Each structure stands twice: as C-alpha cells, then as structure tokens.
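The block underneath contains the structure these notes are about, expressed in structure tokens.
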Amino acid sequence: MLDLTFETPKPKVFAGAKHDWELVIGMEVHAQISSQAKLFSGASTKFGAEPNANVAFVDAAMPGMLPVINDFCVEQAVRTGLGLNAEINLKSAFDRKNYFYPDLPQGYQISQLYEPIVGEGEVLVELGGGKARLVRIERIHIEQDAGKSIHDMDPHMSFVDLNRTGVALMEIVSRPDIRGPEEAAAYVTKLRQILRYLGTCDGNMQNGNLRADVNVSICRHGQYEKYQETQDFSHLGTRCEIKNMNSMRFIQAAIDYEARRQIAIVEAGGSVDQETRLYDPDKNETRSMRSKEEAHDYRYFPCPDLMPLEIEQAWVDDIEASLPELPDAKKVRFMHDFGLTDYDASILTAEVVNAAYFEKVMGTASDGKLAANWVINELFGRLKKDECDIVDSPISPAQLAGIVALIKSDAISGKIAKDLFEIIYTEGGDPAEIVEKRGMKQVTDTGAIEAAVDAIIAANPEQVEKAKQNPKLAGWFVGQVMKATGGKANPKSVNQLVAAKLGL
Amino acid sequence: MSIDTKTAAKVAKLARIRVEDDALPALAQEFNTILGFIEQLQEVDVDGVEPMVSVTPMRLKRRSDEVTDGDQQGKVLSNAPDSREGFFAVPKVVE
C-alpha cells in the first residue's frame, strides 16, 4: 500500500463495577449515491422537493411497473469499491428483502444479499499521534432507499412522502474491527472523506445522505484477539444494532451509552438480547425497537424482475484509471513534497477543495510550512468567520502566495502581513503593489532602526536604569521602537539592537 | 419439512394476509403440497450447474442517469384512500 507507518491503537477500556470491558464495533454505513435519477426509475433525487413530486410509478409500486437500473449508480458503486481497495465482482445480483412499512410501497426493498457488487476492502482510519486502525470492509452492495414518514403533523395519522423511495444507496459494511466510540466516528469521517474525494456521495449527513447503523458488543480483555485468530464470533458478546444515526456526535454518544448499558446487564448476571435499538438524542439513551423484531424475518429471495448485473473488466479498468488521488496518497505527497507536518497535511487534505486551493498556492510559493500556516490559520479562520466557502474565497491562491512570498523575503513583518491580508481580503489587489504603494515595507535598514532605538533610549533614561536591573523590560523598548516605526521595523533587528544598546 | 398451523399463521401474518383460524389447517396442507413438489425437484443433481436466470440469452437492461419521470403528485396520490397536503395519510405508525 502506501508509505504510511502507524501504530495500532489500544482499544478503549470501559470500567464496569466488577471488571474492565472492551468494545467490538462493526458498522453499516448507508451512503446515498450522487445520481440525478433514482436507482430503478427516472424520477429526480433532488432534496427538498414538494412531497411526492419526485415519484415515478415504479417508486410508488404501481402494478406492472418494472425496475430498470441506472448505469451511473452501478459505476459509482464500482468507483467506491476501487477507492476502498476492494475486489469488484463482475457478476452480482439483486434480491428482495421483504417487509411492510408505509414508506416502502413495494412491500420489499431491492438489495443485494447473496451476491454484492463489491467484496472485501479496507479503510485506514487515522486517530492522531501516529496511530491508525486498518478497518476491513466486508462488502458494499447497492439498494433502494425507503421514503419518509412524518409523525408529528397530525395526532392520529402519519404522513408519507415517497420522494426518497427508490433513491440509490450504497451500504458499506465493515468487519467488527472498530474498538471505541471515537474510532467509530473517525471511521465514518474517513469514509465520508473518501466518498467525497471520489464524488460518489456528497456526504451530507444533515440531509440523511450518509447514515450509520452501529453493531456494538462488549467483551473482556483478550476475547477480541481470540476472535481475530479464529474469526469465530462465539468469543465475542451478543451485539445490539443501533439504527440510523446521522451525526458523528450521536454515533459516539450512542455507543458510549450502549456500552454502559450492556456492561450493567452482564455484571448484574443478566444477558444481552440481540436486538435493534434506536438512539434518542434528546434523552441520550438507546431504546429497543420492539416492533422491528418480528418483521426481522425478511424472507430474502432473488428479485425476479432483474437479471444478474454483469459488468466488464475493461469498464472497471476505465473507472480505475479515472480515480482521483485519494486522501491517504495526497496527504503523504503533501508531507513529502511541501514539507508539511502530519497535522497540517491532514487538515489541508480533509476536503478536496481545500487541498486544491493549497496546491495552487504552492504553485508559486516556496515555503510549504509558512503557506500552510497562512492557509490554515488566517484564511480558514477568516472564511469561517464569514461563513464563506473556500471556493468563494475573496483571496485567490495567487494572492495568498504573494503575501507568503513577501513574508518569506522579509519584505514585510508577520504583523504587517496580517494587515495586508485583511486589505486584500476586503479590497483585493496585488500584494506586492499594495505593500509598495502604502509604504508597508519592513525596515531592515539597521541605520534607521538604530536611530529609532537611540531616540527611545535618550527619551527614557529612567526606563533604561530599570531595564539594567531587570532585563525583561527590554521588551518595552522593542514595543516602543515598533510603535515608532509603524510596525515596519524588522522585529529581529530591533531585538538585537535594543539588547546591544542597553548592554544586556 | 412439514408446515404446521402455527407456521402457516406466521407466514400469513408476515404477508399481511388475514386467515381465520379455521382456515389454517387447509392452508398448512397447501403449503405442504407445494413444499412436497419442491422436495421432489431437490432430488435432481445440479452440482456444478450454473443456475439459469432466463430462457433467452438476455442481459440486464440499463438506463442512463437522466431525470425522465416524476412531477405527477396528483396522479401518484390519486389511488390513495387519504392524502393531505401532498402526502399519503395513513394510520399512525410510530416506533
């Protein structure tokens, strides 16, 4: 793989009343495929339409309507698989998962149980401090989303909107390789980042375009290692599945709550029931979804409306050739080519648009570390204050590179650079020209600085005496000189001169 | 495999089809007849035979990613027993 060295982190330990416990977590992430039309119909996937406006008769399950698969959706699933280093199955097939719910008019969801389109892959989840967990992907399959029920508009009725019914999802199933709430959130963050780089899912969790089901069980120290050796689940505890979470914070809170709940049950001599639970963010607890239990008998069978999905290796190769540079590779390159720290490179590659901006800055800038500081601290900070997106940044990469070049060549001080940044951010213009026109150039002429230092010393004999007793007071002189020169004196030169003149 | 009335009742419930108690034995018998036929089929040795999905050499038809349908809220809702403000209105279903 990539040239990344990392240390495997220790699992998070939860202290019970009697023992210490560890968690074993597997996740199913549902990612909405970024298509225009639905998986099996020509209705739009656009968010926020009038209720039931984005519905074809196929989605409403009118009798006699037949599904026809959207080629683009298949391509995105393959693309995602390739992005996760996964094996691509040239032949896959669709199955019906049968259950009744008002927002699923077919009475079944078309999914891929027996032959998914993507097989085993992996995701490297970095956890900071040189630690990372390699989480194995078991499979990715394509399936239909369900509609939306609204329960709070009427005391006796539920209202159903089928706009989302039939929208294409990728279900990305991990192995139980995740060992704590923070790791679970980091896994989803990494997956989301890769999906956004690939362009296969927009990752918008607020709109429900990326949602996670979490399988949690507890075990004593050493049991997980036995499972790893044998792949025998009997070494692990009974798991509960927490459904449908669409925020990183909820994922962590739900796992945390669930861990403590299971530990309390087992330590009291009880046993955990395998069940589906729902996280309630208002009460910060998980509750059993009892109604789901009986319906769990899904009676899967091959969908008779759809032939097996056969794709060509050449097509897969074409998709592979079109893959963009992915986060891990980009980060390593940023560290290597631009001399960035792991931390800075992680921030700059978190979003592909940020990485693209920085790369344009580096087209002309020479000091990567300095440029990274300015992009991360000044630019990102300023954009955040204005709630402005990087693609709409008032400062172009060339302008930012110009500012960095002026600092690098000692033409302006860091303090003046901040003023210059603000001027360009609000008014625009060429950095070098502005510095020239407004006389912002740093004074490096020691003669001029010396004169300023002499003047301050001559005017403040008492302070000079004090400073000789307490060398820390030299800072006061430096400040006065900076003030006298309008902040344009080179601070390094001022420091040296003040120290020399005061005989410190 | 033999289907008893309890299993028949469960299958009916999963399919959301109401079957009165006195009709269950006959239903179970029907299931058993069907399963009996399938058991007969299972006697055929199909080791190494690729499952046939179609009698004609067809491949899955695919569609390009274009919006060609929808915008027919009125038609979609026209068969609904109850609809309000563009939604299907159904008896309350909540977890």
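Each residue of the range A:319-336 in order: what ³J(HN,Hα) in whole Hz does its phi give by Karplus 6.51 cos²θ - 1.76 cosθ + 1.60, θ = phi - 60°, with x for Gly and Pro?
Residue by residue, the range A:319-336 yields 5, 4, 5, 9, 5, x, 5, 8, x, 4, 5, 5, 4, 4, 5, 4, 5, 6 Hz.
Please state, to two decimals, what the Cα-based radius of gyration of chain A comes to when divided by 2.2 N^0.38 Å (N = residues). Before the final figure, lay out the partial values.
Values: Rg = 29.8 Å, N = 504, 2.2 N^0.38 = 23.4 Å.
After normalising by residue count via 2.2 N^0.38 Å, the value is 1.27.
Charges only on Cβ, +1 for Lys and Arg, -1 for Asp and Glu: so what's the dipole of the range A:446-502 about the Cα centre, in debye to the nearest 20? Walk me through the intermediate numbers first.
Working: 7 positive and 4 negative charges, 42 e Å.
For this selection, approximately 200 debye.
Report the full-extension gain for the segment A:LYS408 to A:LYS148: residue separation times 0.36 nm, less the Cα-Cα distance, to one decimal in nm.
Numbers: separation 260, 0.36 × 260 = 93.60 nm, distance 5.57 nm.
My answer for the length gained is 88.0 nm.
Would you check the accessible area of A:GLU325, probe 1.4 Å, heavy atoms only, in square angstrom rounded to 10?
That residue has around 60 Å² of solvent-accessible surface.
Once Lys and Arg get +1 and Asp and Glu get -1 on their Cβ, which of A:GLN36, A:SER158, A:PRO181 lies farthest toward the positive end of the dipole of chain A?
A:PRO181
Over all alpha-carbon pairs of the range A:325-437, lay out the pair-distance distribution in 5 Å bins, whole %, shortest bin first.
With a bin width of 5 Å, the distribution comes to 2, 12, 25, 25, 19, 11, 5, 1, 0.
Would you compute, from DSSP H runs of 4+ residues alone, the mean residue ellipticity of chain A at 222 nm, taking -39500 (n - 2.57) per run and dividing by the full residue count, rounded to the nearest 500? List each step's numbers first, then the result.
Values: 18 runs with 197 residues, N = 504.
Dividing the helical sum by the residues of chain A leaves -12000 deg cm²/dmol.
Which residue, A:ALA372, A:PRO461, A:SER413, has the largest displacement toward the positive end of the dipole of the range A:355-504 when charges sit on each Cβ (Lys, Arg +1; Asp, Glu -1)?
Farthest towards the positive pole: A:PRO461.
For A:162-175, what's the mean count of beta carbons from other chains sitting within 10 Å of each residue's beta carbon? Don't skip to the answer; put the middle values down first.
Numbers: counts 5, 3, 0, 0, 0, 0, 1, 0, 0, 0, 0, 0, 0, 0.
Averaged over the peptide's residues, the number is 1.
Quick check: pseudo-label points 7 Å beyond the Cα along Cα→Cβ at B:ASN32 and A:ASP386, how many nm apart are they?
It is 8.0 nm.
Could you state the angle between the C-alpha long axis of helix A:414-427 and the longest principal axis of the C-alpha atoms of chain A, as a value from 0 to 90 degrees rounded to the nearest 10?
Helix A:414-427 and the main axis of chain A meet at about 60 degrees.
Straight-line reach from A:LYS385: which lysines have a Cα under 19 Å away, not including same-chain ones fewer than 8 places off?
Cross-link targets: A:LYS418.
Quickly work out the A:VAL68-to-A:GLU312 label distance, labels modelled 7 Å from Cα along the C-beta direction, and quote it in nm with one decimal.
Output for this residue pair reads 2.1 nm.
Fully extended, how many nm does the chain gain between A:ASN495 and A:ASP367 (0.36 nm per residue separation, minus their Cα-Cα distance)?
On the way: separation 128, 0.36 × 128 = 46.08 nm, distance 2.45 nm.
Residue separation times 0.36 nm, minus the Cα-Cα distance, leaves 43.6 nm.
Once both axes come from the Cα atoms, what is the angle between helix A:352-364 and the longest principal axis of chain A, in degrees from 0 to 90, rounded to 10?
30
Quick check on the range A:129-202: what does the Kirkwood estimate of hydrodynamic radius come out to from the alpha carbon pairs, in Å? Intermediate values should be presented prior to the final figure.
Details: mean 1/r = 0.0656 Å⁻¹.
In the range A:129-202 this quantity evaluates to 15.2 Å.
When averaged across all projection directions, what area in nm² does the alpha-carbon convex hull of the range A:232-369 cover? Mind showing how you got there, number by number?
Values: hull surface 63.9 nm².
Taking the Cα atoms of the range A:232-369, their convex hull projects to 16.0 nm² on average.
Which of A:VAL404, A:GLY237, A:PHE100 sits closest to the plus end of the dipole of chain A, meaning its Cα is farthest towards the positive end, when Lys and Arg get +1 and Asp and Glu get -1 on the C-beta?
Selected residue: A:VAL404.
Sorted by average packing, counted as other Cβ atoms within 10 angstrom per residue and highest first, what order do A:420-432, B:49-61, A:463-475 take? Don't skip to the end; give the middle numbers.
Numbers: A:420-432: 16.0, B:49-61: 8.8, A:463-475: 13.2.
Going from most to least packed, we get A:420-432, A:463-475, B:49-61.
Read phi for every residue in the range B:46-60 and hand back ³J(HN,Hα) as whole Hz from Karplus 6.51 cos²θ - 1.76 cosθ + 1.60, θ = phi - 60°, with x for Gly and Pro.
With coefficients 6.51, -1.76 and 1.60, one gets 10, 4, x, 9, 5, x, 8, 9, 7, 7, 10, x, 9, 10, 4 Hz.
Exceeding 29 Å between C-alpha atoms, which entries from my cross-link table qualify? They are A:LYS468/A:LYS488; A:LYS437/A:LYS466; A:LYS226/A:LYS331; A:LYS415/A:LYS437; A:LYS148/A:LYS330. Show your work: numbers first, answer last.
Details: A:LYS468/A:LYS488 26 Å; A:LYS437/A:LYS466 40 Å; A:LYS226/A:LYS331 34 Å; A:LYS415/A:LYS437 18 Å; A:LYS148/A:LYS330 38 Å.
From A:LYS468/A:LYS488; A:LYS437/A:LYS466; A:LYS226/A:LYS331; A:LYS415/A:LYS437; A:LYS148/A:LYS330, over 29 Å: A:LYS437/A:LYS466; A:LYS226/A:LYS331; A:LYS148/A:LYS330.
Simple spin-label model, 7 Å along Cα-to-Cβ: A:GLU320 to B:GLN42 in nm?
According to this spin-label approximation, the distance is 4.1 nm.
Rg (Å, one decimal) plus Dmax (Å, integer) for the alpha carbons of the range A:446-502?
Computed over the Cα atoms of the range A:446-502, radius of gyration and Dmax are 10.1, 29 Å.
In whole Hz, with x marking every Gly and Pro, tabulate ³J(HN,Hα) for the range A:181-193 from phi via Karplus 6.51 cos²θ - 1.76 cosθ + 1.60, θ = phi - 60°.
x, 5, 5, 5, 5, 5, 4, 5, 4, 5, 4, 4, 4
Within 10 Å of each Cβ of A:102-109, how many other protein chain Cβ atoms are there on average? It would help to have the intermediate numbers written out before the result.
Working: counts 6, 3, 0, 2, 0, 2, 0, 0.
Mean partner-chain Cβ count within 10 Å for A:102-109: 2.
Could you tally the net charge around A:THR364, taking each other residue with its Cβ under 15 Å from the Cβ of A:THR364, Lys/Arg +1 and Asp/Glu -1? Write out the running numbers ahead of the final one.
On the way: positive: A:LYS360, A:LYS408; negative: A:ASP337, A:GLU359, A:ASP367, A:ASP430.
With Lys, Arg at +1 and Asp, Glu at -1, the neighbours total -2.
Search the structure for amide H atoms under 5 Å from the amide H of A:ILE178, placed 1.01 Å from N in the peptide plane, and list their residues when 5 or more places away or on another chain.
Those qualifying (amide H under 5 Å, at least 5 residues apart or on another chain) are A:ILE25.
Once the Cα atoms of helix B:5-14 and of chain B are each reduced to a long axis, what angle between those two axes, in degrees from 0 to 90 to the nearest 10, is obtained?
For helix B:5-14, the angle is close to 20 degrees.
With Cβ to Cβ distances under 13 Å as the rule, what net charge do the other residues near A:LYS437 carry (K, R +1; D, E -1)?
Numbers: positive: A:ARG438, A:LYS441; negative: A:GLU427, A:ASP430, A:GLU433, A:GLU436.
Its environment carries a net charge of -2.
Rank by packing, highest mean first: peptides A:84-94, A:178-188, B:62-72, with packing defined as the count of other Cβ atoms within 10 Å averaged across residues. Kindly include the intermediate steps, with their values, before the conclusion.
Values: A:84-94: 18.7, A:178-188: 23.5, B:62-72: 16.5.
In descending order of packing, they fall as A:178-188, A:84-94, B:62-72.
Would you mind computing the Rg to Rh ratio of the range A:225-306 from its alpha-carbon coordinates, Kirkwood style for Rh? Can you show the working numbers first?
On the way: Rg = 15.9 Å, Rh = 15.0 Å.
That ratio is 1.06, to two decimals.
Where the only charges are on Cβ atoms (+1 Lys, Arg; -1 Asp, Glu), what is the dipole of the protein assembly as shown about its Cα centre, to the nearest 20 debye? Intermediate results must be reported in sequence, preceding the final value.
On the way: 67 positive and 91 negative charges, 458 e Å.
Rounded to the nearest 20 debye, it is 2200 debye.
Using amide H atoms built in the peptide plane, which far-off residues or other-chain residues are under 5 Å from A:GLN112 H to H?
Result for A:GLN112 returns A:ASP95, A:ILE142.
Could you work out the mean count of beta carbons from other protein chains within 10 Å of each residue's beta carbon in A:47-56?
Across A:47-56, the average partner-chain Cβ count within 10 Å equals 6.
If you take the beta carbon distance between B:GLU20 and B:ALA80 as r and set R0 to 30 Å, what does 1/(1 + (r/R0)^6) give as a FRET efficiency, to the nearest 0.05? Don't skip to the end; give the middle numbers.
Values: r = 28 Å, r/R0 = 0.95.
For B:GLU20 and B:ALA80, the calculated efficiency is 0.60.
Looking at the range A:196-255, what % of the alpha carbon pairs are farther apart than 19 Å? Don't jump to the answer; show the numbers that get you there.
Details: 895 of 1770 pairs.
Everything past 19 Å amounts to 51 percent.
The values are calculated or read from the model by the stated rules, or taken from the named source; none is laboratory data. Predicted, not measured: the structure shown is a model, and the values here were computed from it. Virtual Cβ from ideal backbone geometry, glycine too; neighbours counted across all protein chains shown. When the accessible area is computed, the model is the full protein with side chains, heavy atoms only, and any ligands, DNA or RNA have been set aside. Shrake-Rupley method; radii C 1.70, N 1.55, O 1.52, S 1.80 Å.
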